[in-house]
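Visitor: Quick one: structure below, then a few questions.
The values are calculated or read from the model by the stated rules, or taken from the named source; none is laboratory data. Keep in mind it's a predicted model, so treat the numbers as computed, not measured. Cβ atoms come from the backbone with ideal geometry, glycine included; neighbour counts cover every protein chain shown. Keep in mind that these areas ignore ligands, DNA and RNA; they rest on the heavy atoms of the full protein, side chains included. Shrake-Rupley method; radii C 1.70, N 1.55, O 1.52, S 1.80 Å.
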Amino acid sequence: MFPHDHIFSLPLAANWFAGNWGLLVVAVIVIYGLLVVGAGDVMAFSLKRAWAISGVCFAESIRKRVLWITPLAIVGVIGITQFQRALDEQDAVRQSLKICLFATALVVMLASIILACTNLPKEIESRVIYTIVTKPITRLEVILGKVIGFARVALTMILIMGLFTWGYMRVTAHQKQQQIAYRLQEGDVSDTERDRMGEYEHSGLLTARSFWAPDQLGVYGAPPDPNSSQRVISNDGEQDVLAGYAMDRTALFGPPNDNVDDWAHSGIGERGLAIRVNLNTQRTGAATDQPQAVQPFGPVFGKAPAPTNLVPPRISIEIFDENFNDLFASTTMVGASTSGELVKNIVEYSKTNKLDPALSAGGIRLSEPTKLPDGTTGQTAYAWLPPQTAIGLFRHNGFQVRVVGASGNVDFFIGPHPVDCFIPEIKPGEFDIDGPHATRIDPRPGIDGTGELLAFRGRLGIHLDQEMSGGSDAPHTTAVYSFRNAPSSVTEDGIPIQVNVQVDRSNSEVEAGHEDATMLDVSVLDEATKRLTHLAQPVLVESRLPAFFRIPADAVTTGNYDVLLHCENTAQSIGLLPTSLLLVTSHQYFEVNLIKSLSIIWMMSILVIIVAVLCSTFLSWPIAIVLTVLLLLGHWGVDQLADVSGPGLGRQIVNDFKFTDVALSKVVSTGVDTLSNVLNYVSDVLPDTSKFDAIEDIEQGVNIPGDRLLEALTVLAGFGIPSIVIAYVLLRNKEVAP
Amino acid sequence: MIPTNDEAVHTEHLTKVYKDFWGRDKVRALDDLNLTIHRGEVFGLLGPNGSGKSTTIKLLLGLIFASRGTATVLGHPAGDTAINERIGFLPEESYLYRFLNGEETLKFYGRLFKIPRAELKKRVPALLDTVGLDAKARKRKLREYSKGMARRIGLAQALINNPDLILLDEPTTGLDPIGTREMKDLILSLKQQGKTVLLCSHLLADVQDVCDRITILFRGTMQTIGQVKDLLQVKDVTQIQTGGMTDPQIVEIKTFLSRMGVKDPIVTHPTTTLEELFIRIVRENTAGGQSSVGST
């Protein structure tokens, strides 16, 4: 976790403890609770007695007709599924499955929370507990017995709902499959649907697939040349390129220091962050951003003379965080074409501490082609992030320098090392931006382990995907999914691939409802042989619906290959996510996947029960319910604040609000940082319920990986075991007679 | 004082003070109780409501913790889970799972003592017979039980482990006179089996009938302790009992006693207790000796 990263100066052992303090807390609780406080009770522990208690809890729940909630849920599910609006047969099946599993989880969690929170307080209130604890039963057995008992109730409910889900889905899928077979037989399918329906008929509607995700998605202005390291991004922000940097705090901020505020006075916190961009450009039409001064003044007779000395195009430089979110806009950085010019602009900025938009990194005109220290030739642009802003990087795990073209009718050629970051040397009389006295910051390595980690992206779409414009003109926008060390899943028909994209036809002039089928032209580039293979038939895609195709088996020689996509339809664009194209590695029975999903729901319900029992040992049941919900949602809640919390936040707030009073700044900065740290520590301690996602994968037809179950089990054990111990210690020291 | 093997219960300066939310003293429920109950005796804990009887029992069972002082039960610290193997407890009301039936209740408590299934199969019906719950009543849920039936099943659960020490908190509450008599008979039979019984009640007649020794608590403090017969003995009155006498014989006896200098002698026919009368009438009218309990 981030908050303890600044302790990395401690010795190795201490460092390990700092990084695993959650585990230590668990160990201390368990050892203290079971070996120090309750050694006698542990020795006397009897599973038979715990099972007897669990039997009573189970009998009570059954006889109080808790299970009656399941038929009600089943009726509700059947009712709701009648009103769904599905995109196709598989979507209908998946929607139904999602509703079934959601209802299962909801019903089980609600029942678990209410049963487990009310049981102990009611037994104490009704004094039934008198006749229990006066028997030779330890409080540990009481707690465990209750947890086991309600876990049995939850399991019974899950089994009932699971059986219903299985039956209902099998019947629904069978009906839909019959419809598909009929439509295919009668030819009642569109061109777009035919392949998809064929795949449904072949693989079934419930079959879960295992996928292999590509290592990288790149969207380029032109198809990448296999024999060149140059890549193209188009003009006007159609594409951009991001160069990734890890957050090496020692490299960026200097020697470690426990006091976060002191980071502001060393490294980039003292001298700012200098960025140098090196690329080449090529005009693809008339220049659109020439200064007005070069335009002829007065009436022009005949053809206007073309400007003879075109000034270079512009780019903008920004900084994104590790999650591709805006961090520092170009207008917060000083920009320039050359390092010398940048020094002047920094001096200018330093006089007033106000940034003239004309001197910012937004729309920097590239330099004339120059030779760089590394021997390459290109056009450069520079940016400098002031130190008081650069301190904001401290609380991130990485950052990315974004370069985007700001001139029209220009192709920008990006080499393998387009961005360099430096800690400049700034001394009186000595100002070195990227020379020998500046400190170069190492970028993240690329997906092959060499070069820099570059992300070429398309324009951001409304679904947070990257847009790839369609059109048959060359050179055309191309998306490249890069697979490295992909498993061999070659069948006799080739390598199966699933594509799931968003299609935007909003610019299409064709009447709505009569649009052309959206066609993806697919090629495969084998990394080893550099051989490019085109698929004979385009792949027809539709929004939110999967499309399937197979790469010919002889197109690739190893697990390293790129899949190139291009949309042939003019005025349409395709929204792509890094996982929009997936390699299908295997199929799995629906039943196995369903059992995995239900197992995760059961594990979640056990966690809910443990937390509820813990809360009920010291609270009345209504308050216990509230606290249980808070504890279960706490981690998620802090996660929502994750982007803004973290060390350095206090300093940033002080800067943002321009506090001038030193004492007040210190108070605000320390207070905010402390609060932020507390929140992060609380988040560490609370269970991460997002690890119990039992629905998303199975709904998407994805084989739930074993790791998912292991993750859920880890959270259950990590939070559940100490919670049981705490509950035991609390009950052991509780006077159960009111 | 160190407890001896002869002592079933021993307390020293046992004190319980209930505190409020802020930790301030609220109620001193029991104050400096020094008490020893010997093995094999029936001991009565008497006192009005709020005198500290139930508090004492809760302390001995570990349901609450002492503010000061110590208590040992069968040689172990009070509240020790292991010693619960040898203790039976009947609370002042039958605090049992109301969704279980009589048999299930006893089987559940039997499992807490890890009594083998085969043994439970024999012991449960025998205990239900002992407390007078018939076959029909055994299959009914406890929520349908009358107060008397609930006391009986409560007593059965207290005896499921064949305990050495039985703590009975108001055992006759809710019982009719026959049930009360049966309860008292059972207590006496437990005494005959060598078991120790700690009886807590404010029904003095019940205590008088069965207890060997008693103590009286008032406002958390022990007022007196001793043998029942010693405490109840009226030393300045002498009672002579004979077979039935005629009226002339009574007059002659009175004259004789006056001559002997005895002041205001009373010579009359003794009366039975209402309880004895009730039991005799019910027993005479109960065909075949069937229990009246559980037939509703």
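Visitor: Looking at B:GLU119, B:GLU104 in this structure, which one is free of Cβ contacts under 8 Å to residues at least 24 places away in the same chain, more than 10 Å from chain A (Cβ to nearest Cβ), open to solvent by 50 Å² or more (accessible area, probe 1.4 Å) and in contact with a helix residue (DSSP H, G or I) (Cβ under 9 Å, 6 or more places away or on another chain)?
Guide: The conditions single out B:GLU119.
Visitor: Still on this structure, please answer the following. Taking the residues in segment A:110-144 that are surrounded by fewer than 20 Cβ atoms within 10 Å (Cβ to Cβ) and within 35 Å of the chain's Cα centre (by Cα) as candidates, determine which candidate is nearest to the other protein chains (Cβ to nearest Cβ).
Guide: My answer is A:ILE114.
Visitor: Please pick out the residue among A:LEU607, A:LEU582, A:LEU594 that is hydrophobic (A, V, I, L, M, F, W, C), surrounded by fewer than 24 Cβ atoms within 10 Å (Cβ to Cβ) and assigned to a helix (DSSP H, G or I). Walk me through how you get there before you give the answer.
Guide: On the way: A:LEU607 fails: surrounded by fewer than 24 Cβ atoms within 10 Å (Cβ to Cβ); A:LEU582 fails: assigned to a helix (DSSP H, G or I).
Exactly one of A:LEU607, A:LEU582, A:LEU594 is hydrophobic (A, V, I, L, M, F, W, C), surrounded by fewer than 24 Cβ atoms within 10 Å (Cβ to Cβ) and assigned to a helix (DSSP H, G or I), namely A:LEU594.
Condition check ((1) closer than 19 Å to A:ASP434 by Cα; (2) modelled with pLDDT of 90 or more; (3) touching a His at 6+ places or on another chain (Cβ under 9 Å)) across all residues:
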| site | (1), (2), (3) |
| --- | --- |
| A:PRO307 | no, no, no |
| A:LEU310 | no, no, no |
| A:ALA329 | no, yes, no |
| A:THR338 | yes, yes, no |
| A:LYS351 | no, no, no |
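Visitor: So which residues in segment A:54-93 are more than 9 Å from chain B (Cβ to nearest Cβ) and surrounded by fewer than 14 Cβ atoms within 10 Å (Cβ to Cβ)?
Guide: The answer is A:ARG65, A:TRP68, A:PRO71, A:LEU72, A:VAL75, A:GLY79, A:GLN82, A:PHE83, A:GLN84, A:ARG85, A:LEU87.
Visitor: Before we move on, is B:LEU204 in contact (Cβ under 8 Å) with a residue 60 or more places away in the chain and either open to solvent by 90 Å² or more (accessible area, probe 1.4 Å) or over 30 Å from B:ARG39 (Cβ atoms) (or both)?
Guide: So B:LEU204 fits the description; yes.
Visitor: Quickly run through segment A:675-695 and pick out the residues that are in a helix (DSSP H, G or I) and open to solvent by less than 70 Å² (accessible area, probe 1.4 Å).
Guide: A:SER676, A:ASN677, A:LEU679, A:ASN680, A:VAL682, A:SER683, A:ASP684, A:THR689, A:LYS691, A:PHE692
Visitor: Restricting the search to segment A:696-738, which residues are in a loop (DSSP other than H, G, I, E, B) and either crowded, with 20+ Cβ neighbours inside 10 Å or within 14 Å of chain B (Cβ to nearest Cβ) (or both)?
Guide: Correct list: A:GLY701, A:ASN703, A:ILE704, A:ASN733, A:LYS734, A:GLU735, A:VAL736, A:ALA737, A:PRO738.
Visitor: Scan segment B:135-147 and tell me whether some residue there is within 22 Å of B:GLU119 (Cα to Cα), of a type in the set (A, V, I, L, M), open to solvent by 10 Å² or more (accessible area, probe 1.4 Å) and not in a loop (DSSP other than H, G, I, E, B).
Guide: The answer is yes, given that some residue of segment B:135-147 is within 22 Å of B:GLU119 (Cα to Cα), of a type in the set (A, V, I, L, M), open to solvent by 10 Å² or more (accessible area, probe 1.4 Å) and not in a loop (DSSP other than H, G, I, E, B).
Visitor: Go over the candidates B:ALA78, B:ALA158 one by one and state the one that is more than 9 Å from chain A (Cβ to nearest Cβ), within 29 Å of A:ASN119 (Cα to Cα) and not hydroxyl-bearing (Ser, Thr, Tyr).
Guide: None of the other options fit; the residue is B:ALA78.
Visitor: Which residues, counting only those in segment B:222-273, are in a strand (DSSP E or B) and open to solvent by 80 Å² or more (accessible area, probe 1.4 Å)?
Guide: Matches in segment B:222-273: B:GLN223 only.
Visitor: Looking at A:GLU452, A:GLU492, which is the one that is assigned by TED's automatic domain parsing to the domain that holds A:HIS534 and acidic (Asp, Glu)? I'd like the intermediate steps shown before the answer.
Guide: Details: A:GLU452 fails: assigned by TED's automatic domain parsing to the domain that holds A:HIS534.
From the options A:GLU452, A:GLU492, the qualifying one is A:GLU492.
Visitor: Here's a check for you: in segment B:107-116, which residue that is facing another protein chain (nearest Cβ under 7 Å) and open to solvent by less than 40 Å² (accessible area, probe 1.4 Å) is nearest to B:PRO163 (Cα to Cα)?
Guide: B:PHE113
Visitor: Please work out which one of (1) at pLDDT below 85; (2) β-branched (Val, Ile, Thr); (3) out of contact with any helix residue (DSSP H, G or I) (no Cβ under 9 Å at 6 or more places or on another chain) is the condition A:ILE426 fails and give its number.
Guide: Checking A:ILE426 against (1) at pLDDT below 85; (2) β-branched (Val, Ile, Thr); (3) out of contact with any helix residue (DSSP H, G or I) (no Cβ under 9 Å at 6 or more places or on another chain), the one that fails is (3).
Visitor: Please go through segment A:390-429 and pick out each residue that is in contact (Cβ under 8 Å) with a residue 24 or more places away in the chain, open to solvent by 20 Å² or more (accessible area, probe 1.4 Å), over 21 Å from A:GLY254 (Cα atoms) and not charged (D, E, K, R).
Guide: A:ALA406, A:ASN409, A:PHE413, A:PRO416, A:HIS417, listed by residue number.
Visitor: Restricting to segment A:502-528, what's the tally of residues that are in a loop (DSSP other than H, G, I, E, B), within 22 Å of A:VAL189 (Cα to Cα) and modelled with pLDDT of 70 or more?
Guide: Residues meeting the conditions: 3.
Visitor: Quick check on segment A:264-292: of everything there that is under 28 Å from A:ASP434 (Cα atoms) and modelled with pLDDT under 75, which residue is surrounded by the fewest Cβ atoms within 10 Å (Cβ to Cβ)? It would help to see each step written out before you state the result.
Guide: Kept after step one, since they are under 28 Å from A:ASP434 (Cα atoms), are these residues of segment A:264-292: A:264-282.
Remaining after also requiring modelled with pLDDT under 75: A:264-265.
Values: A:ALA264: 23, A:HIS265: 13.
Looking at the filtered set, the residue picked out is A:HIS265.
Visitor: What are the residues in segment B:81-101 that are polar (S, T, N, Q) and facing chain A (nearest Cβ under 9 Å), if any? Break it down into steps so the answer makes sense when it comes.
Guide: Looking only at segment B:81-101, we keep the residues that are polar (S, T, N, Q), and these are B:81, B:84, B:94, B:101.
B:THR81, B:ASN84, B:SER94 - these are the residues of segment B:81-101 that are polar (S, T, N, Q) and facing chain A (nearest Cβ under 9 Å).
Visitor: Here is a follow-up. Would segment A:607-615 turn up any residue that is among the hydrophobic types (A, V, I, L, M, F, W, C), at negative phi and outside the structural domain of A:HIS202 (by TED's automatic domain parsing)? Walk me through how you get there before you give the answer.
Guide: The first filter runs over segment A:607-615 and keeps only residues among the hydrophobic types (A, V, I, L, M, F, W, C), leaving A:607-615.
Remaining after also requiring at negative phi: A:607-615.
If we keep only those that are outside the structural domain of A:HIS202 (by TED's automatic domain parsing) too, we end up with none.
Scanning segment A:607-615, I find no residue that is among the hydrophobic types (A, V, I, L, M, F, W, C), at negative phi and outside the structural domain of A:HIS202 (by TED's automatic domain parsing), so the answer is no.
Visitor: Would you be able to tell me the number of residues in segment B:162-211 that are touching a Gly at 6+ places or on another chain (Cβ under 6 Å) and at positive phi?
Guide: Going through segment B:162-211 one residue at a time, the tally reaches 2.
Visitor: Next question, about the same structure. Return the residue satisfying two criteria in turn: it lies in segment A:30-53 and is small (Gly, Ala, Ser) and within 11 Å of chain B (Cβ to nearest Cβ), and of such residues it is surrounded by the fewest Cβ atoms within 10 Å (Cβ to Cβ).
Guide: Applying the filter and picking the extreme gives A:GLY40.
Visitor: Looking at segment B:30-50, which of its residues are surrounded by 22 or more Cβ atoms within 10 Å (Cβ to Cβ) and either touching a helix residue (DSSP H, G or I) at 6+ places or on another chain (Cβ under 8 Å) or in a loop (DSSP other than H, G, I, E, B) (or both)?
Guide: Scanning segment B:30-50 gives B:LEU30, B:LEU33, B:VAL42, B:GLY44, B:LEU45, B:LEU46, B:GLY47.
Visitor: Against the conditions (1) open to solvent by less than 20 Å² (accessible area, probe 1.4 Å); (2) farther than 25 Å from B:ALA78 by Cβ, where does B:THR196 fall short? Just the number, please.
Guide: (2)
Visitor: Regarding A:LEU310, is this residue part of a loop (DSSP other than H, G, I, E, B) and open to solvent by 40 Å² or more (accessible area, probe 1.4 Å)?
Guide: Answer is yes for this residue.
Visitor: Something else about it: For segment A:402-452, enumerate the residues that are acidic (Asp, Glu) and in a strand (DSSP E or B).
Guide: A:ASP411, A:ASP420, A:GLU425, A:GLU430, A:ASP432, A:GLU452
Visitor: Within 11 Å of another protein chain (Cβ to nearest Cβ), assigned to a helix (DSSP H, G or I), surrounded by 22 or more Cβ atoms within 10 Å (Cβ to Cβ) and of a type in the set (S, T, N, Q): does that describe A:SER96?
Guide: It is false that A:SER96 is within 11 Å of another protein chain (Cβ to nearest Cβ), assigned to a helix (DSSP H, G or I), surrounded by 22 or more Cβ atoms within 10 Å (Cβ to Cβ) and of a type in the set (S, T, N, Q).
Visitor: Considering only segment B:51-96, how many residues are in contact with a Ser or Thr (Cβ under 7 Å, 6 or more places away or on another chain) and assigned to a helix (DSSP H, G or I)?
Guide: Residues flagged as in contact with a Ser or Thr (Cβ under 7 Å, 6 or more places away or on another chain) and assigned to a helix (DSSP H, G or I) within segment B:51-96 amount to 3.
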